[in-house]
Amino acid sequence: MGKVLVVLALGVVLAILLAGLFVMSLGGAVDKEWSNRLMRYRVLAQAGAILIVLAVLYFSSQQ
């Protein structure tokens, strides 16, 4: 179960990163509106992914 959560969290980070790159490639008003917002979402998703990895490592070492 832990490995699935880690892969899911990393997938979310990757999806947000790719969406940010796509928005940046569009440029213009769309880029101005969404690039900073997606960067904030990515940072939050990365923090969540790190917490999930740490929790999985902690609970797997308890067994």
When restricted to Leu54, Leu10, the only residue surrounded by 14 or more Cβ atoms within 10 Å (Cβ to Cβ) and assigned to a helix (DSSP H, G or I) is Leu10
So, first residue small (Gly, Ala, Ser) in region 28-46, second residue assigned to a helix (DSSP H, G or I) and surrounded by 11 or more Cβ atoms within 10 Å (Cβ to Cβ), Cβ within less than 8 Å, six or more apart or across chains; the pairs are Ser35/Gly20; Ser35/Val23; Ser35/Met24; Ala45/Ala9; Ala45/Val12; Ala45/Val13; Ala45/Ile16
Of the candidates Ser35, Ser25, the one satisfying the condition of being more than 21 Å from Ser60 (Cβ to Cβ), exposed (fewer than 13 other Cβ atoms within 10 Å of the Cβ) and among the hydroxyl-bearing types (Ser, Thr, Tyr) is Ser25
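Quick note: the coordinates plus some simple rules give every number you see, no bench work behind them. Keep in mind that what you see is a predicted model, and the values were worked out from it rather than measured. Every residue, glycine among them, receives a Cβ derived from its backbone with ideal geometry; neighbour counts consider all protein chains shown.
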